[in-house]
1. Name the chymotrypsin sites (Phe, Trp or Tyr not before Pro) in the stretch 154-216 that are in a loop by DSSP and that have at most 16 other C-beta atoms within 10 Å, would you?
2. Give the accessible surface of the stretch 81-224 per residue, rounded to a whole number of Å², with probe radius 1.4 Å and ligands, DNA and RNA excluded.
3. Carbon and sulfur: what percent of the stretch 133-202's accessible surface (1.4 Å probe)?
4. Give me the distance in nm between label points sitting 7 Å out from Cα along the Cα-to-Cβ direction at D185 and F27, one decimal.
5. How would the stretch 97-205 be classified by its alpha-carbon gyration tensor: rounded, prolate or oblate, with rounded meaning a/c under 1.5 and the a/b versus b/c comparison settling the rest?
6. Students often get this wrong, so check it: of K133/K156; K108/K136; K12/K156, which have C-alpha atoms separated by over 19 Å?
7. Taking square-rooted eigenvalues a ≥ b ≥ c of the alpha carbon gyration tensor, is the stretch 29-141 rounded, prolate or oblate, where a/c under 1.5 means rounded and, failing that, a/b exceeding b/c means prolate?
8. Stretch K12-K156 to full length: gain in nm at 0.36 nm per residue minus the Cα-Cα span?
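The values are calculated or read from the model by the stated rules, or taken from the named source; none is laboratory data. This structure is a prediction, so every number in the text was calculated from the model and none was measured. Using ideal geometry, Cβ is built from the backbone for each residue, glycine included, and neighbour counts are taken over all protein chains shown. Only protein heavy atoms, including side chains, enter the accessible area calculation; ligands, DNA and RNA are left aside. Shrake-Rupley method; radii C 1.70, N 1.55, O 1.52, S 1.80 Å.
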Amino acid sequence: MVRLFEDDAAKKVAKIVYAIFHMQEMFTHITRVDFPDVSPCIYAMWHRNQMCMYGQPDISKTNIMVSRSKDGEMIADVIEHMGFKTIRGSKGKEGAVEASMQLITALKNGDDGAMMVDGPKGPPEKAKNGVIKLAKMAGVPIVPVSWYSASPTWLKFPGWDGLRMPIFRTNLVNLYGKPIYVQEDDDIEEKRKELQESLDDLERRIPLAFKEVYLWGQIKRKWSDSSQFKWNP
């Protein structure tokens, strides 16, 4: 990966990005729909929906893998300021194994994990089996999740993943699938297909879930599980 920023510049950019995101929390509301409330678990999402994790009830116990690159350092700075935990293995295949073991340890200690299951470079919306193996080794369920808004301020950014994020006033929903449990004798490929089907189903159902919660941009239905978009200062 080409280094985009030198060390000092990366830290400055991280502070600017965090300040922008921190200001955005005043304008964004995320309502959780069908939240399963199971923990520890691994939240699984498409790469373009990675920011849905900001709608979690407790981001302080959510671990996110970040690369050891210099650009990854900037990303880690931003998400740690937001209140997430980061897991960073060394570079190369050995680093990937190291990071996986760190995540397994965190899960066994009661924390949650979050993985973009079509990453790191796609193809988009095609689930890979890494999360299945990790869930099996850690003995925790996988919780599929997606987010959506009908607002024009929910923007799509250029790139292979089509990253989505809110700009200015935006109401969204986080829609969760049923937890997927991976037993010791389960077939990895069958469980991968189950995860793929669950995430595809969320994409089909989430526009309707949004309509059930919001009318003309305002909440029309009281959900007991509703949260203001909030990062830790």
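1. Working: sites: W154, W160, F168, Y176, Y181, F210, Y214, W216; in loops: W160, F168, Y181, W216.
Taking the stretch 154-216 and a limit of 16 other Cβ atoms within 10 Å, the loop chymotrypsin sites (Phe, Trp or Tyr not before Pro) found are W160, F168, Y181, W216.
2. 54
3. On the way: 1810 of 3360 Å².
Ligands and nucleic acids excluded, carbon and sulfur give 54 percent.
4. In this crude spin-label approximation the distance works out to 5.5 nm.
5. Because a/c hits 1.5 or more and a/b exceeds b/c, the stretch 97-205 counts as prolate.
6. Flagged as over cut-off: K133/K156; K12/K156.
7. rounded
8. Working: separation 144, 0.36 × 144 = 51.84 nm, distance 2.48 nm.
Here the answer is 49.4 nm.
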